[in-house]
1. Name the single residue, out of those in region 231-277 being open to solvent by less than 40 Å² (accessible area, probe 1.4 Å) and among the charged types (D, E, K, R), that is modelled with the lowest pLDDT.
2. So which helices (runs of 4 or more DSSP H) stay within region 278-376 end to end and still have 1 or more residues that are surrounded by fewer than 20 Cβ atoms within 10 Å (Cβ to Cβ) and touching a Cys at 6+ places or on another chain (Cβ under 8 Å)?
3. Being assigned to a loop (DSSP other than H, G, I, E, B) and open to solvent by 50 Å² or more (accessible area, probe 1.4 Å) is the filter; apply it to region 19-39 and report the residue that is farthest from LEU6 (Cα to Cα).
4. Taking region 250-286, which residues are over 24 Å from ALA359 (Cβ atoms) and out of contact with any Ser or Thr (no Cβ under 8 Å at 6 or more places or on another chain)?
5. Would region 253-269 turn up any residue that is of a type in the set (Val, Ile, Thr) and part of a loop (DSSP other than H, G, I, E, B)?
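The values are calculated or read from the model by the stated rules, or taken from the named source; none is laboratory data. Bear in mind that the values here come from a model prediction, so they are computed numbers and not experimental data. When we count neighbours, we look across all protein chains shown, and the Cβ atoms used for this are built from the backbone with ideal geometry, even at glycine. Ligands, DNA and RNA are excluded from the accessible area calculation, which covers all protein heavy atoms including side chains. Shrake-Rupley method; radii C 1.70, N 1.55, O 1.52, S 1.80 Å.
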Amino acid sequence: MNYVYLSPHFPTNYYPFVIKLREMGANVLGIGDCSFDQLSDPLKRYLTEYYRVSDMHNYDELLRAVGYFTHRFGKIDRFESHNEYWLETEAHIRTDFNITGPKTAEIVWVKQKSLMKEIYQKAGIPVARGRIIRESTEALKFIAEVGTPVVAKPDKGVGAAATYKIHNENELQHFFATKPSVDYLFEEFVQGQVVSFDGLADQDGKVVFSTVDVFRQGVMETVNHNLDFFYYSLREIPQDLEEIGLRTVKAFNIRARFFHLEYFRTKDSLIVALEVNMRPPGGLTTDMYNYANDIDIYKEYANMIMHKRFDAQITRPYFCSYLGRKHHIRYALPHQEVISEFSDLLVHHQPMEAVLRNALGDYGYILRSPHLKDILAAEQVILAVQGDIHG
């Protein structure tokens, strides 16, 4: 198999995908904009070959890179980055080279939030009311229907980039005076806890791995208010969320891919769809899969791609959490004391890459325990600011 990995150097924790694919016999062919010498040692060792481009946004350069690999190794079987930013580029390349996976006509349904909403509705999955709004008069009519606040988000966007929560007419006028010149989707504000149904679907669309994450607050609030970040995985998947998650996977025809499906759970325990992402969750979440389940998700992904198998037994022995702290917040517990005080729970910690810090924090910690109370108690201490705790 010839597997082209676009941007294998970012995110930096995704290098095990390259290792496990290569160990299972794939030619793993990297395309990126950094020099070979700047790649990590595992990438240098396990990539079959690497093609450097000067600008990854220059599609002609990417075409030449894939053309070169095709000439040298034969037909390309897979072209992936596991990164939402490159989904459209991936689909374009797959279309031009007839490579297995979502093509340009398919990816539009997950890149444009307004079209994504149509798929949800056709599948009978509850979703927040919303529409594309281009003028303030249209916005006022929409607000009259759904009330305030409303959320305005780019119809095509990554994460919570340039997303706004609008409470009144002054904020609405400011939004139209300063917004980027792209189409915006206005949605009614849904009050509820953000949860996600995440996992991996095999080549037939069967979900072979799944988990649920619960978030203290949404990414929009984290970014807009420069907050720290906390979420944790459950040991048992709620039946109603699993049922809607599986219907979503089927509705969007997700195959041979990771997925990250976001929902609100309201105070009435209703589940309302928020967003579909056809890639792994961001940050260190794939590593959390491993810590929560004592498995190697990178190996199992390669196993699924290469042999159409998923061999790991999923028992979810641990709750697993991510805590992202930000440098501008004065925490009560210094870093070294976090390490020593929670050594029995802490399985991994590292500085986060600057491009991820707005959402995930400057420094990330992964904790696990068979007991949720341990995870929640640790969060209260590790993310407490000076003056909140004593002793």
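1. Among those that are open to solvent by less than 40 Å² (accessible area, probe 1.4 Å) and among the charged types (D, E, K, R), it is GLU275.
2. Fully inside region 278-376 and qualifying: 285-293.
3. As a first pass, look at region 19-39 and keep what is assigned to a loop (DSSP other than H, G, I, E, B): 24-26, 33-35, 39.
Restricting the remaining residues to those that are open to solvent by 50 Å² or more (accessible area, probe 1.4 Å) gives 25, 33.
Values: GLY25: 19, ASP33: 10 Å.
So the residue we want is GLY25.
4. Passing the criteria: LYS250, ALA251, ASN253, ARG255, LYS267, ASP268, SER269, LEU270.
5. At the first step, the residues of region 253-269 found to be of a type in the set (Val, Ile, Thr) are 254, 266.
Narrowing further to those that are part of a loop (DSSP other than H, G, I, E, B): 254.
Within region 253-269 (the criterion being of a type in the set (Val, Ile, Thr) and part of a loop (DSSP other than H, G, I, E, B)), the answer is yes, since at least one residue qualifies.
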